[in-house]
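The values are calculated or read from the model by the stated rules, or taken from the named source; none is laboratory data. Source: prediction; values computed, not measured. Reconstructed Cβ throughout: ideal geometry from the backbone, glycine too, with neighbour counts over all protein chains shown. For the accessible areas, the whole protein counts, side chains as well, though only heavy atoms, and no ligand, DNA or RNA atoms are used. Shrake-Rupley method; radii C 1.70, N 1.55, O 1.52, S 1.80 Å.
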Amino acid sequence: MNKLTFKDILKNFEPFPKKDFRNLKDLKKISKFTLLSKDGKKYDIRNNLNNLSGSEWTYFLNSVEVTNYPVKGENSFLHNIRKQHPSPKPPQLLKKIIEFFSKEGDWILDPFMGVGGTLIGASLAKRNAVGIDINPKYLKIYNEVCDKLKLKKQISINEDARNIPFIFKNYEEFFDLILTDPPYANMMAKIRTGEKAKKKGKYKTPFSNSKKDIGNLSYFDYLKELKNIIAGTLPFLKPKGHLIIFCKDLQPNDTHHNMLHADITSKLLELPKLKFRGYKIWYDKSQKLYPFGYPFKYVSNQLHQFILIFQKE
Ligand SMILES: C[S@@+](CC[C@H](N)C(=O)[O-])C[C@H]1O[C@@H](n2cnc3c(N)ncnc32)[C@H](O)[C@@H]1O
């Protein structure tokens, strides 16, 4: 860490204030549990999770999220700079998830922040966030993007996520949400083959060459290490808080199905305090199709990712 303790870092940080739908002006009570706002939205007073109305809540429950966010121009949140990272996430999608699983002014932790999809999404949704990444280059890019977009900078820490128990010592149950997009086992550290290699080059695009980068571990070592990191992170999540993990399956081989979403879920459920609440599938329409396997065998174009949703008991 930058030699500063988390307490010192917090002293210099101006957080977004807490805001709840109950603070809205001119709310009318129309039944035992229902409040009606001036613009016709209905809120349930028992909702302690988010600031959404009933219909906004229902809209989010669609298990498939289809997006086609621009990767150029004003609404791309400087994708052209963020794409120096091999797999930046769209901040607009992260904002949506954050708005369901937290309230304004809540605190979010991303132990694998990359160039800050979660942190930018948090700023757009007026939540506070702390991001960690082992590669200092990605933090620099995140800070450059915030400067250029004139966006509030969240707290970014250049560290190994294994050190989370030391970084946040004395801040147990501080975070309302853990939202992260870890490496998908060693997917990015593999050399490209077939059609993709022809178009994009044969090289691999690991996040770093560091041995501490969990994207450089073999599949099963990765699962063990991810579980250890999450175990070290959970004490800092409030009870009932959610842990949300993005992941993408690897192509199957003769020895294993490589459904990473299923393996991560099974592995994390070995942790006593976690419950699995289900997943959303994210289909990114901006991705291209490749004729993998043609004309010999079926090889799927995985244009979707899983958003795995856990909750701390
Ligand atoms: C899939 S990327 C995250 C991308 C991010 N969502 C974004 O929008 O840019 C995973 C990140 O995990 C980081 N990482 C890998 N091992 C790590 C570790 N042990 N501690 C912290 N970060 C790590 C990598 O450097 C990489 O940036």
Practice problem: Being under 23 Å from Asn80 (Cα atoms), among the aromatic types (Phe, Trp, Tyr) and either modelled with pLDDT under 95 or away from the ligand (no atom under 11 Å from the Cβ) (or both) is the filter here, so list the residues in segment 142-188 that pass it. | Solution: Tyr184
Quiz item: Do we find that Lys103 is more than 9 Å from the ligand (Cβ to nearest atom), surrounded by fewer than 24 Cβ atoms within 10 Å (Cβ to Cβ) and within 21 Å of Gln84 (Cα to Cα) in this structure?
Solution: no
Exercise. Examine segment 49-72 for a residue that is under 30 Å from Lys153 (Cβ atoms) and within 12 Å of the ligand (Cβ to nearest atom), and state whether such a residue exists.
Key: no
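If I go through segment 288-302 residue by residue, how many of them are closer than 28 Å to Gln92 by Cβ and either touching a Lys or Arg at 6+ places or on another chain (Cβ under 8 Å) or open to solvent by 80 Å² or more (accessible area, probe 1.4 Å) (or both)?
Number satisfying all stated conditions: 4.
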Quiz item: Can you name the residue in segment 41-63 that is in a loop (DSSP other than H, G, I, E, B) and within 22 Å of Cys247 (Cα to Cα) and, of all such residues, is least open to solvent (accessible area, probe 1.4 Å)?
Solution: Ser63
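Taking Ser156, is it open to solvent by less than 20 Å² (accessible area, probe 1.4 Å) and on the phi < 0 side of the Ramachandran plot? Full working, then the answer.
Details: open to solvent by less than 20 Å² (accessible area, probe 1.4 Å): no; on the phi < 0 side of the Ramachandran plot: yes.
Taking the combined requirement at face value, the residue does not satisfy it.
Results for (1) on the phi > 0 side of the Ramachandran plot; (2) open to solvent by 20 Å² or more (accessible area, probe 1.4 Å); (3) touching a residue at least 12 places away in the same chain (Cβ under 8 Å), shown as yes or no for each residue.
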site	(1), (2), (3)
Glu99	no, yes, yes
Leu109	no, no, yes
Gly117	no, no, yes
Ser123	no, no, yes
Ala129	no, no, yes
Ile134	no, yes, yes
Ile141	no, no, yes
Phe168	no, no, yes
Ala185	yes, no, yes
